[in-house]
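Everything below concerns the one structure shown next.
The values are calculated or read from the model by the stated rules, or taken from the named source; none is laboratory data. Predicted model, so just to flag it, every value in this text is computed and none were measured. Every residue, glycine as well, gets a Cβ built from its backbone with ideal geometry; the counts of neighbours run over all protein chains shown.
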Amino acid sequence: MDCIFCAIVAGAAPAAVVYEDDDTLAFMDINPVSQGHVLVVTKEHYRNLYDVDPDAAAAVMRTTVHVARAVRAALQPDGMNLFQSNERAAFQSVFHFHVHIIPRWIGDELRLPPRVQRVEFSVLRGIAARIREHLY
Ligand SMILES: [Zn+2]
């Protein structure tokens, strides 16, 4: 499987999963730009905004609202960005439709394109568990 997000959806690649339903999966970004950086993806493969089924995109946004509120409750960031990229010129690096939930803190100095961190799965799973506690 050459798409890492399809591999994660299929359970063939590891991820710290936060939320799952019939149409979407939310998991911790393996290279977070801030603590609590979550990706929300369609379960079906679409390259990006240009070919995604509008109903699948709507499902991603529904999940994004749901998970973003849990991220806020779990981590108490000062703010939050949603980020969605289409093609390389716009910083898309995984070509499977997804939305970034990026918690922000005053003074965090996040810039575009963001500098990613290296974080162990054990850390990501711990943060995922904290967020899941606030899903309802
Ligand atoms: Zn894919």
message: Among the residues in the range 78-94, are any touching a Ser or Thr at 6+ places or on another chain (Cβ under 8 Å), more than 18 Å from Ile4 (Cβ to Cβ) and within 16 Å of the ligand (Cβ to nearest atom)?
response: no
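Residue by residue, here is whether (1) loosely packed, with under 13 Cβ neighbours inside 10 Å; (2) touching a Pro at 6+ places or on another chain (Cβ under 6 Å); (3) hydrophobic (A, V, I, L, M, F, W, C) holds:
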residue	(1), (2), (3)
Ile30	no, no, yes
Gly36	no, yes, no
Pro54	yes, no, no
Val60	no, no, yes
His98	no, no, no
Arg111	yes, no, no
Ser122	yes, no, no
Ala128	no, no, yes
Ile131	no, no, yes
Item to complete: Could you tell me whether the range 76-89 includes any residue that is modelled with pLDDT of 95 or more, touching a helix residue (DSSP H, G or I) at 6+ places or on another chain (Cβ under 8 Å) and exposed (fewer than 15 other Cβ atoms within 10 Å of the Cβ)?
Response: yes
ask   = When you look at Val41, is it within 15 Å of the chain's Cα centre (by Cα) and closer than 19 Å to Pro14 by Cα, yes or no?
value = yes
The residue from Val67, Val123, Val71, Val60 that alone is in contact with a Phe, Trp or Tyr (Cβ under 6 Å, 6 or more places away or on another chain), farther than 17 Å from Ile4 by Cα, part of a helix (DSSP H, G or I) and of a type outside the set (D, E, K, R) is Val67
Scanning the range 74-94 residue by residue, those in a loop (DSSP other than H, G, I, E, B) and over 17 Å from Ala26 (Cα atoms) turn out to be Gln76, Pro77, Asp78, Asn86, Glu87, Phe91, Gln92, Ser93
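Quick check on the range 55-73. Is at least one of its residues within 16 Å of the ligand (Cβ to nearest atom) and not hydrophobic (A, V, I, L, M, F, W, C)? Let's see the steps before the verdict.
Filtering the range 55-73 for residues within 16 Å of the ligand (Cβ to nearest atom) gives 56-57, 59-60.
When the remaining residues are screened for being not hydrophobic (A, V, I, L, M, F, W, C), the result is none.
Looking through the range 55-73, none of the residues is within 16 Å of the ligand (Cβ to nearest atom) and not hydrophobic (A, V, I, L, M, F, W, C).
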Inside the range 1-52, the number of residues satisfying the requirement of being at pLDDT below 95, within 11 Å of the ligand (Cβ to nearest atom) and not acidic (Asp, Glu) is 1
